[in-house]
1. For Ala60 and Thr48, calculate 0.36 nm times their separation in residues minus their Cα-Cα distance, and state this gained length in nm to one decimal.
2. When only DSSP loop residues count, what GluC sites (Glu not before Pro) in segment 15-93 have their Cβ near at most 14 other Cβ atoms within 10 Å?
3. Applying the Karplus parametrisation 6.51 cos²θ - 1.76 cosθ + 1.60 with θ = phi - 60° to the phi angles of segment 55-60, what ³J(HN,Hα) value in whole Hz is obtained for each residue in order, glycine and proline being reported as x?
4. What list of ³J(HN,Hα) values in whole Hz, one per residue of segment 73-87 in order, does the Karplus curve 6.51 cos²θ - 1.76 cosθ + 1.60 (θ = phi - 60°) give from phi, with Gly and Pro shown as x?
Amino acid sequence: MNSLKWRCVLCGFVYDEAAGLLGEAVQQAEYPYWHALFASCLGHLGKTREAQLALARCRALSPQALDEMAHENISSRSGRQLFLDGIAAAEGT
C-alpha cells in the first residue's frame with residue numbers, strides 16, 4: 001500500500017477514500033497502527049460499529065495506548081488531533 005497516498009487522502013479529509021484504502025490494507029497485513037487509522041476514518045464517517053471492530057482488532061494486536069501511537073506515527077499536532085477525534089467518535093465519546 002502506498003502510505004503517502006492514504007496519508008494525503010486522510011489529511012485531505014476524504015475519509016471515505018482513506019477508509020477504503022485502509023480497509024484493503026488491514027486485509028493484507030496486521031499492523032496495529034493501520035487498524036487504528038481505519039477506526040479513526042470510520043469514526044469520522046459515523047460508522048461507529050465498524051470503527052469499534054477496527055479498534056478492537058488494533059487493541060488485540062498491541063497494548064500500546066492510542067495517544068502514544070499517534071505521537072509515534074503522526075508528526076503534526078493537528079494531524080494527531082484529527083486522528084484522536086476520529087478515535088473519540090469511534091468510541092462514541
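Every read-out reported here was derived from the displayed coordinates using simple, explicitly stated rules and does not represent laboratory data. Quantities reported herein were computed from a predicted structural model and do not represent experimental measurements. Positions of Cβ are generated from backbone atoms using ideal geometry, with glycine treated the same way; all protein chains shown enter the neighbour counts.
1. Numbers: separation 12, 0.36 × 12 = 4.32 nm, distance 1.81 nm.
Extra length available between Ala60 and Thr48 comes to 2.5 nm.
2. Details: sites: Glu17, Glu24, Glu30, Glu50, Glu68, Glu72, Glu91; in loops: Glu30.
Taking segment 15-93 and a limit of 14 other Cβ atoms within 10 Å, the loop GluC sites (Glu not before Pro) found are Glu30.
3. Karplus-based 3J(HN,Hα) across segment 55-60 equals 5, 4, 5, 4, 5, 5 Hz.
4. Ordered by residue, 3J(HN,Hα) equals 10, 10, 6, 8, 4, 5, x, 5, 5, 4, 4, 5, 5, x, 5 Hz.
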